[in-house]
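Coordinate-derived values only; no laboratory data. Note that this is a predicted model, so its numbers are computed, not measured. Cβ placement follows ideal geometry from the backbone for every residue including glycine, while neighbour counts extend to all protein chains displayed.
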Amino acid sequence: MRVLFYEDESYRSLLPIVSLRPVFELVCGRESLRRRMARWIPGMEWGVRIRSTLARVYQEQFPSAHVNSPDWEVEGRTLVVNSRWIPEHRECLEAIRDSAAGFVGDELVWISLDPEEIRLLDSDSISDSLQKLSVTRKRVGAGGVVFERPWDLIAHNSRQLRNDFTDVGLSQPRNEAHVQVLGNDSDAYIASSADIDPYVVIDTRKGPVSIEADAKIQSFTRIEGPCHIGRGAHIFRGHIRAGTTVGKACRVGGEVEESILHACVNKYHEGFLGHSYVCPWVNIGAMTTTSDLKNDYSTVSVPVDGDLVDSGLQKVGSFFGDHAKVAIDSMFNTGSSVGVMAMVLPGGRLLPRHIPSFGYVSFGDLSSDLDLDSAISTARIVMNRRGQELTVAMTDLLRQLFDETQPERAKAIQRSVQRRMQA
């Protein structure tokens with residue numbers, strides 16, 4: 001099957017966690033939409049329509065992908081898939097047929113197009129073009145959900161973890177005499193190469209737990225399901241609570257609740273992380289804490305692309321863009337947004353809820369732009385320590401993003417100065 005994943009102008013509602021990646025690479029449950037569908041469709045030939053700014057980096061990361069390639073798109077009939085769709089289980093694919101269009105509510109999430117129809121797609125408004133084509137098809141329920149904001153991924157994560165555990169078929173538990181499983185043993189999957197110390201507790205009474213290959217779990221860790229620990233992740237005396245995804249090669253300690261750590265996140269030490277999404281290469285210093293519940297139990301508003309948006313939820317934590325650096329004892333208010341490569345130094349008080357990409361926070365106030373060259377040098381060192389390279393393409397993307405976010409940064413700094421003058 002040929003599959004084309006597309007993102008449209010709505011990506012801005014998911015900043016800053018999509019600043020350096022397409023929407024369909026965001027994680028919910030064990031994995032992203034693209035990886036889930038690749039698992040369901042063996043031999044899937046796939047292409048993407050993404051922001052031009054991401055194309056070079058994405059092609060470098062996935063050489064076999066067809067990136068913004070009109071010639072490939074018209075080579076044959078292609079299933080076009082909305083990047084914000086979370087199909088909960090593989091049965092969602094059973095409704096796909098050429099004569100139909102799949103919807104979740106009013107959102108079109110898939111449609112099969114022939115080459116002539118693909119030629120009609122407007123790159124600047126692909127969602128409108130697809131909506132017009134969908135009226136020629138029978139409308140069917142696609143199943144699953146469509147996410148619109150970063151906190152939707154967190155709200156759906158527990159459910160998707162349960163679905164993924166069943167769907168992947170993790171039914172061969174590894175017997176560990178020194179690991180205490182509370183609940184059904186068959187709901188605890190431990191890969192054969194995972195290293196589990198004595199005095200680890202895995203609680204499956206409220207959901208399954210999967211621990212992938214080469215993960216290391218230190219003594220006195222407690223993991224509550226539903227939960228997924230990714231390949232090569234290390235947990236250091238952690239309390240990993242229900243609804244949490246710890247991605248590949250993360251380093252995690254302290255308490256984590258209902259959060260998604262995408263991959264390569266450093267949170268070694270004590271401190272609470274709740275109802276949050278953390279992008280790769282973020283470093284969270286010791287004793288850093290994120291509030292995820294307001295004292296008056298009212299719904300939480302979150303800065304998205306510089307504007308406050310009411311989440312409609314009582315529990316929302318923080319959203320960290322790639323390469324953000326957070327120093328020890330930082331305290332994040334409920335519903336905070338921390339942009340790409342932001343540098344956060346604590347000041348003994350709650351931090352600004354909106355910290356734009358490349359912003360520099362000192363003594364609790366947003367004061368200036370980050371030194372970009374220094375930040376890039378640090379990112380290169382951090383990635384080299386994990387055997388990865390900060391490529392020229394990614395460096396260029398970061399520099400471009402720095403320029404694009406300058407107006408947002410200047411506005412946020414001005415607001416911070418005004419608050420200080422009024423204090």
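So which trypsin sites (Lys or Arg not before Pro) in the stretch 201-249 are both in a DSSP loop and have at most 12 other Cβ atoms within 10 Å of their Cβ?
Details: sites: 205, 206, 216, 222, 231, 237, 241, 248; in loops: 205, 206, 231, 241.
Filter output for the stretch 201-249: 205.
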How big is the charge dipole of the stretch 299-423 about its Cα centre, in debye rounded to the nearest 20, if each Lys and Arg gets +1 on its Cβ and each Asp and Glu gets -1 on its Cβ? 440
Name the residues whose placed amide hydrogens come within less than 5 Å of the amide hydrogen of residue 337, ignoring near sequence neighbours (fewer than 5 apart) on the same chain. 319, 354, 355
Given 248/325; 206/325; 206/315; 248/294; 132/248, which pairs have Cα atoms separated by over 29 Å? 206/325; 248/294; 132/248
Got a sec to turn the phi values of the stretch 146-160 into Karplus ³J(HN,Hα) couplings, 6.51 cos²θ - 1.76 cosθ + 1.60 with θ = phi - 60°, whole Hz, x for Gly and Pro? 10, 9, 10, 10, x, 6, 5, 5, 5, 4, 9, 5, 4, 4, 6
DSSP loop chymotrypsin sites (Phe, Trp or Tyr not before Pro) with at most 15 other Cβ within 10 Å excluded, longest remaining stretch of the chain: 1-198
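Normalised by the residues of the stretch 34-144, what does the relative contact order come to in percent, with Cα pairs under 8 Å and at least six apart? Kindly include the intermediate steps, with their values, before the conclusion.
Working: 139 pairs, mean separation 28.2, N = 111.
Once normalised by length, the contact order is 25 percent.
For the chain, what relative contact order do you get, as a whole percent, if you take Cα pairs closer than 8 Å and at least 6 residues apart? Write out the running numbers ahead of the final one.
Details: 1091 pairs, mean separation 42.3, N = 423.
It rounds to 10 percent for the chain.
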Residue-averaged [θ]222 nm for the chain, counting only DSSP H segments that reach four residues, each worth -39500 (n - 2.57): -7000 deg cm²/dmol
May I have the pair-distance distribution P(r) for the chain, computed from all Cα-Cα distances with 20 Å bins from 0 and rounded to whole percent? 26, 57, 17, 0
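About its Cα centre, how strong a charge dipole does the stretch 2-148 have in debye, to the nearest 20, once Lys and Arg get +1 and Asp and Glu get -1 at the Cβ? Show your work: numbers first, answer last.
Working: 20 positive and 23 negative charges, 83 e Å.
Value, rounded to 20: 400 debye.
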Report ³J(HN,Hα) in whole Hz for each residue of the stretch 280-296, in order, from the Karplus equation J = 6.51 cos²θ - 1.76 cosθ + 1.60 where θ = phi - 60°; Gly and Pro get x. x, 6, 7, 10, 10, x, 4, 6, 5, 9, 10, 6, 10, 8, 7, 4, 9
Which residues qualify? For residue 330, with a placed amide H closer than 5 Å and at least 5 residues away or on another chain, they are 288, 289
Intensity falloff of the stretch 2-148 expressed as log10 I(q)/I(0), Debye formula with alpha-carbon point scatterers, at q = 0.09, 0.11 Å⁻¹: -0.24, -0.37
Tell me, what HN-Hα J-couplings in whole Hz come from the Karplus equation 6.51 cos²θ - 1.76 cosθ + 1.60 at θ = phi - 60° for each residue of the stretch 108-125, using x for Gly and Pro? 6, 10, 7, 7, 8, 10, 8, x, 5, 5, 4, 5, 7, 6, 8, 4, 7, 8
Only loop residues by DSSP count here, and only those with at most 11 other Cβ atoms within 10 Å; note down the GluC sites (Glu not before Pro) in the stretch 369-408 that meet that. 389
Value of relative contact order over the stretch 1-67, rounded to a whole percent, pairs C-alpha under 8 Å and six or more apart: 40
Calculate the FRET efficiency for residue 40 and residue 305 from the Cβ-Cβ distance with a Förster distance of 30 Å, rounded to the nearest 0.05. 0.40
Projected area, mean over directions - the stretch 1-74, Cα convex hull, nm²: 5.2
Mind listing the long-range amide H neighbours of residue 203? Cut-off is under 5 Å, sequence gap 5 or more, other chains count too, H placed in the peptide plane at 1.01 Å from N. 182, 223, 224, 225
Which Cα, out of 115, 96, 53, lies furthest along the positive dipole direction of the stretch 2-148 (beta carbon charges, K/R +1, D/E -1)? 96
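Return the percentage of antiparallel bridges among DSSP beta bridges fully within the stretch 2-148, rounded to the nearest 5 %. Show your work: numbers first, answer last.
Numbers: 12 of 27 bridges.
Looking only at bridges with both residues in the stretch 2-148, the antiparallel portion is about 45 percent.
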Using only Cα atoms, locate the centre of the stretch 292-342 and the centre of the stretch 380-423, then give the distance between them in Å, rounded to an integer. 17
Of the DSSP beta bridges with both residues in the stretch 77-204, give the percent that are antiparallel, rounding to the nearest 5. 55
Cβ charges +1 (Lys, Arg) and -1 (Asp, Glu), total dipole of the chain, debye: 700
Counting other C-beta atoms within 10 Å, and keeping those with at most 11, which DSSP coil trypsin sites (Lys or Arg not before Pro) do you find in the stretch 345-423? 349
So how far, in whole Å, is the C-alpha centre of the stretch 178-236 from the one of the stretch 15-34? 25
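If you take every DSSP beta bridge whose two residues both sit in the chain, what share of them, in percent to the nearest 5, is antiparallel? Walk me through the numbers on the way to the answer.
Details: 21 of 90 bridges.
Of the beta bridges lying entirely in the chain, close to 25 percent run antiparallel.
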